[in-house]
Amino acid sequence: MRNDTVLIIEPNFSGHRWRYAEWAANAYMEAGYRCLIVTDPLNASHPLATKIRAEDRPELQIEFVAPPGRNERRGLSSRLSSISYARFHQDFRHAFDIASRGHRVALVVVPYVDYFFLALPFLGSPFGVTPWVGITMRSNFHHEQVGVRAPRRPLVNAAKALLFMRAIGAPGLKTLLTIDPTLADWWTDIGHRDARAPKQAAAIEYLADPFPDARAAEPQLAKARLGLGGGKHVLVYGAINDRKGVFELAAALAARPADANAPTLVIAGAQDEDVRSTLAAVIAKIVPKPVVLDTFISSEIELDLFSACDVVWLGYKGHYGMSGVLVQAYRFGKPVVATADGLIGWFCRTGELGPVVDELSPSTINRALDAVLAGAPHATPGAQHLLERNTLSQFKQTLRQAVA
């Protein structure tokens with residue numbers, strides 16, 4: 001086993017995808033495998049890539065593989081390459097073909113299988129006969145059946161359900177891991193009884209979206225390191241785009257009285273270009289002056305942010321999947337203001353993690369903030385909440401069990 005290699009193919013290191021790649025590598029290295037992370041050359045300067053190259057350990061390497069050249073000739077192949085699922089399928093097949101040379105590949109891990117998952121019924125596995133494990137983060141066709149609030153799309157969901165049924169029967173796929181617990185429940189309670197369900201299907205298991213085991217810093221020391229003042233702080237964290245609801249939150253904070261009890265907005269994470277061009281003007285109206293960290297956030301600063309801030313904003317819009325920020329807030333014992341939509345709303349539906357908002361008007365947001373800032377009770381680690389499973393050790397154990 002020690003000479004076998006696990007290929008972890010993730011072309012995009014944005015958001016938390018690079019962390020999934022790193023954590024997957026750690027899980028399989030601990031089981032005795034060599035690991036090779038395969039990614040796009042555009043990520044060569046990313047901190048994870050820099051770290052792996054600097055350490056230069058035989059058990060963990062990184063390889064940069066550019067996407068293949070596209071066939072410009074008109075015809076079926078060119079039309080397929082213009083469809084995102086098929087294009088990504090080509091990219092992963094190419095990355096596997098290049099990176100697997102000279103290695104005895106025991107397993108391929110795809111930290112974000114949604115790139116090409118719905119192409120599997122038509123194109124088969126991009127990894128030939130090599131066994132593989134995929135992690136799905138955006139399979140949401142089943143939400144209406146299990147009580148998750150999401151847009152009604154009966155025709156789209158029916159088509160995706162059919163493709164999903166066929167995809168989980170793809171050769172080589174050993175286990176489909178999902179960060180959505182309702183998908184695993186749906187398969188157990190509903191999906192496997194469907195007449196379209198394949199007789200030989202991959203196992204579908206819940207993979208709790210993790211936050212590394214970490215102890216919160218003393219809040220005042222964390223505030224001092226971040227240069228934050230006194231009073232309460234509301235944190236917006238992660239890749240900052242319009243779906244974060246940051247403009248709606250800013251409008252609500254601008255409408256609050258500028259008194260000593262007004263919370264300070266903290267926006268931490270690299271901003272999309274379209275957000276960056278307009279956000280500065282919007283938040284200029286807020287008192288106290290917001291704190292903005294428009295950059296990649298290191299693990300040390302991340303720990304200080306969640307230690308120092310008092311409320312975590314999860315009033316996202318058009319986002320129906322899981323949120324690692326929710327896990328981080330729970331792990332640090334911080335209340336959230338959350339959307340009622342999607343998996344965020346499903347996890348927060350009881351209100352024990354903080355107020356849930358049905359819409360993002362300034363009055364609704366400020367009522368929720370007032371409830372939190374007044375000290376409304378919320379769940380903390382140690383309570384028997386489903387988020388107790390969202391630890392790095394549980395994540396690694398589930399990944400290893402997927403190939404047991």
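Within segment 96-118, is there a residue that is in contact (Cβ under 8 Å) with a residue 24 or more places away in the chain, among the basic types (Lys, Arg), under 20 Å from GLU205 (Cβ atoms) and in the same structural domain as PRO41 (by TED's automatic domain parsing)?
Within segment 96-118 (the criterion being in contact (Cβ under 8 Å) with a residue 24 or more places away in the chain, among the basic types (Lys, Arg), under 20 Å from GLU205 (Cβ atoms) and in the same structural domain as PRO41 (by TED's automatic domain parsing)), the answer is no, since none of the residues qualifies.
So if I check each of ALA150, ALA95, ALA184, which one is assigned to a helix (DSSP H, G or I) and surrounded by fewer than 22 Cβ atoms within 10 Å (Cβ to Cβ)?
None of the others qualify; the one that does is ALA184.
Hey, could you check segment 345-404 for residues that are of a type in the set (Val, Ile, Thr) and at pLDDT 95 or above and say which is farthest from LEU207 (Cα to Cα)?
Once the filter is applied, the top-ranked residue is THR364.
Mind checking which pairs have a first residue in segment 187-207 that is surrounded by 12 or more Cβ atoms within 10 Å (Cβ to Cβ) and a second that is of a type in the set (Phe, Trp, Tyr) and modelled with pLDDT under 95, Cβ under 6 Å, 6 or more apart or different chains?
ILE204/TRP187
Any chance segment 64-80 includes a residue that's in the same structural domain as LYS174 (by TED's automatic domain parsing), at pLDDT 95 or above and crowded, with 20+ Cβ neighbours inside 10 Å?
No - not one qualifying residue is present in segment 64-80.
Looking at PHE306, is it part of a helix (DSSP H, G or I), within 28 Å of TRP18 (Cα to Cα) and outside the structural domain of SER14 (by TED's automatic domain parsing)?
yes
Looking at segment 243-274, which of its residues are modelled with pLDDT under 95 and acidic (Asp, Glu)?
ASP259, ASP272, GLU273, ASP274
Looking at LEU343, LEU353, can you tell me which residue is buried (at least 24 other Cβ atoms within 10 Å of the Cβ), assigned to a loop (DSSP other than H, G, I, E, B) and in contact with a Phe, Trp or Tyr (Cβ under 9 Å, 6 or more places away or on another chain)?
LEU353
In segment 318-328, is there at least one residue being surrounded by fewer than 15 Cβ atoms within 10 Å (Cβ to Cβ) and either in the same structural domain as ARG256 (by TED's automatic domain parsing) or not aromatic (Phe, Trp, Tyr) (or both)?
So far as segment 318-328 goes, yes, one or more of its residues are surrounded by fewer than 15 Cβ atoms within 10 Å (Cβ to Cβ) and either in the same structural domain as ARG256 (by TED's automatic domain parsing) or not aromatic (Phe, Trp, Tyr) (or both).
The values are calculated or read from the model by the stated rules, or taken from the named source; none is laboratory data. Fair warning: this is a prediction, and the values are worked out from it, not measured in the lab. For neighbour counting, all protein chains shown are included, and Cβ atoms are generated from backbone atoms with ideal geometry for every residue, glycine included.
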